[in-house]
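Each value in this text was obtained by applying a stated rule to the coordinates, not by laboratory testing. Not measured: the values here are computed from a predicted model. Here the Cβ positions follow ideal geometry from the backbone for every residue, glycine too, while neighbour counts run over all protein chains shown.
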């Protein structure tokens, strides 16, 4: 592998960020847009070239895709424990380079049209470049500490992008909420890193994931509360991943993050920030799998399955189209986590791992398309609310067709991309747990229903009387939609299992026709119900909402988790923890320091006459001193 090319991939967006950030007030918006797109296009070409070299030129050695690592020691703790900085190339890091590059480039191109005329246009492109640099650094990391560094940079970048409209209180609140919730999760991640470093004496991914490596010999001898310390460490690391990927119960930041510009929603919630948690578990998957009790993987499985179901139920009742897509993202990420949890390691037993990465890849394309399509609609009608839309297929044919393709893909309709990856997840779940499998099938039906509720509500249904006649978005916005639509159709035909697998050997996957038929049937039922409820104006949805009564109310309010967190924060932490600490800080800490300062001032007032600056005072002091010394000398001489 060419190290210079690899380093240029993250370096280019970093340089673009510095240039646009430092000279943001001097660079014209048109220039900053071109610079941002050109920089990302170059990194994208290098990413695709790296993928081609890795998979097709270098290929396999003894049937296994090799890992290429270039690193240098940054900080030494002991002879074996140190933090390195470098790049790691293997199947999943190459796959993530393609995902991040493709979606980020589409978002950059799209933003030139969507953000046109915005006062912070150059600043926005600077933030996009910083975010992309951070994601590149994250996926190329060689060890836990390096990935944590870029993990936090991604958090800072998302804070800047979510709170881009900093004069809007809701956007500022959403940015702070995302930052605080994910930092809370990242605290667990950091503790997990410390535990692993202490017990294995390494942070390096290659050593940690090696079944025959020196790190594994230290695992079995140490335990805490019935679980090995490494299991506890992996659970804490998963806590960080759950926060970043908005898994229950750390999901509350995701819907509010829709306050950022819609291209930000596509970038953060489609293929980059939120999938970082899934990527982290996949990066350490051999370690998760090698722990004998398997408890950490069970946590991943059930948290993922519950998050998928929980978010899908909430998505059915949301009226803000971006929030529907946000909960859809949470649900699909739950699918990916669930697939990792039910996976084995070798060959066909590792289908869950492959399926999770495959769904990450396909989902990035059609979810980015859904968000950008939603942005195109919002750009036309100036509203996020489903009730303000309807009949837009007449005015926005390109957005209509591309949004429909994305909706069909996420609903698992063959032969679109989502069908192939979702089928593999359900196959892995079926072979591991019938309970998890049927949750997956039910979620597939819910997904089809709420996505076509969204589609029919926007493009069909009752045509709203718009203040201004809606029109199709400019080419800079529709071109990314068309490209992503082609990818949403074609990505599923990639023989993904031959390139990405848990053991890096690859295998040939086959369609399980009975299970596929069940999933497609359930999805078709969901689409049919959405057709009946929402394609034409009727009161069926209203009647069903009334029939479900309290449950519908709870669902529409997201089961009041925001209110619960707010109550706990205000009435427990603020009143019983923060307030006493603040009182102690003010009365004791500040009081002590203020008392010392006050006494110092009193003492200084009493002695400051010694430095009055008056000659007569100094003369008096000098003569007085001489007299005193003379008297002392005489007294001593006489005695």
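Extension gain, residue 540-residue 611: 0.36 nm per intervening residue step, less the Cα-Cα distance, totals 16.5 nm. Model label points for residue 42 and residue 486, set 7 angstrom from Cα along the Cα-to-Cβ axis, are 2.5 nm apart.
Cα centroid separation, region 414-441 to region 163-190: 33 Å. Computed packing ranks the peptides 597-606, 320-329 as 320-329, 597-606, most packed first, by mean other Cβ atoms within 10 Å. Here region 475-500 and region 590-612 have alpha carbon centers that stand 73 Å from each other. With the Cα gyration tensor of region 599-639 giving a ≥ b ≥ c as the square roots of its eigenvalues, does the rule (a/c under 1.5 for rounded; else a/b larger than b/c for prolate; else oblate) give rounded, prolate or oblate? Oblate shape, in that a/c is at least 1.5 and b/c is the bigger or equal ratio.
Taking Cα atoms only, the orientation of helix 3-22 departs from the longest principal axis of the chain by about 70 degrees. Where only DSSP H runs of four or more residues are counted, the chain gives -22000 deg cm²/dmol as its mean residue ellipticity at 222 nm, each run worth -39500 (n - 2.57).
Considering every alpha-carbon pair of region 449-524, the percent of pairs per 10 Å bin, from zero through the bin containing the longest distance, is 13, 23, 33, 20, 10, 2.
When peptides 27-35, 371-379, 479-487 are ranked by their average number of other Cβ atoms within 10 Å per residue, the highest-first order is 371-379, 479-487, 27-35. Between the helical axis of 513-534 and the longest alpha-carbon principal axis of the chain there is an angle of about 80 degrees. Listing 383, 356 from fewest to most neighbouring C-beta atoms within 10 Å gives 383, 356.
Every Cα-Cα pair in region 289-398 was counted, and those over 25 Å apart are 37% of them. For 554, 253, 232, the sequence from fewest to most other C-beta atoms within 10 Å is 554, 232, 253. DSSP bridge analysis restricted to the chain gives an antiparallel fraction near 100%, rounded to the nearest 5.
Which percent of Cα pairs goes in each bin when the distances of region 1-125 are cut into 5 angstrom slices starting at zero? Here the calculated profile for region 1-125 is 2, 10, 17, 17, 14, 13, 11, 8, 5, 2, 1, 0. Once both labels are positioned 7 Å from their Cα atoms along Cα-to-Cβ, the gap between residue 401 and residue 552 label points is 3.7 nm.
Taken over the C-alpha atoms, the chain has Rg and Dmax values of 29.9, 121 angstrom.
So if the hydrodynamic radius of region 76-130 is defined as the Kirkwood radius over C-alpha pairs, what does Stokes-Einstein give as its diffusion coefficient at 25 °C and 0.890 mPa s, in µm² per second? For these conditions, the coefficient is 171 µm²/s. Counting beta carbons within 10 Å around each of 331, 43, 245 and listing the fewest first gives the order 331, 43, 245. Cα-based radius of gyration for region 294-550, normalised by 2.2 N^0.38 Å, reads 1.02.
Assuming a viscosity of 1.567 mPa s and a temperature of 4 °C, what translational diffusion coefficient in µm² per second does Stokes-Einstein assign to region 448-582, Rh being the Kirkwood radius over Cα pairs? Translational diffusion coefficient: 62 µm²/s. In summary, region 501-578 shows an alpha-carbon radius of gyration equal to 1.96 times the 2.2 N^0.38 Å reference for compact globular proteins. Between residue 80 and residue 67, the modelled label-to-label distance comes to 1.6 nm, taking each label 7 Å out from Cα in the direction of the beta carbon. So how tilted is helix 295-315 from the main axis of the chain? Cα-based, degrees 0 to 90, rounded to 10. That helix lies at roughly 70 degrees to the long axis.
The tail of the calculated P(r) for region 563-638, taken as Cα-Cα distances beyond 19 Å, holds 69 percent of the pairs.
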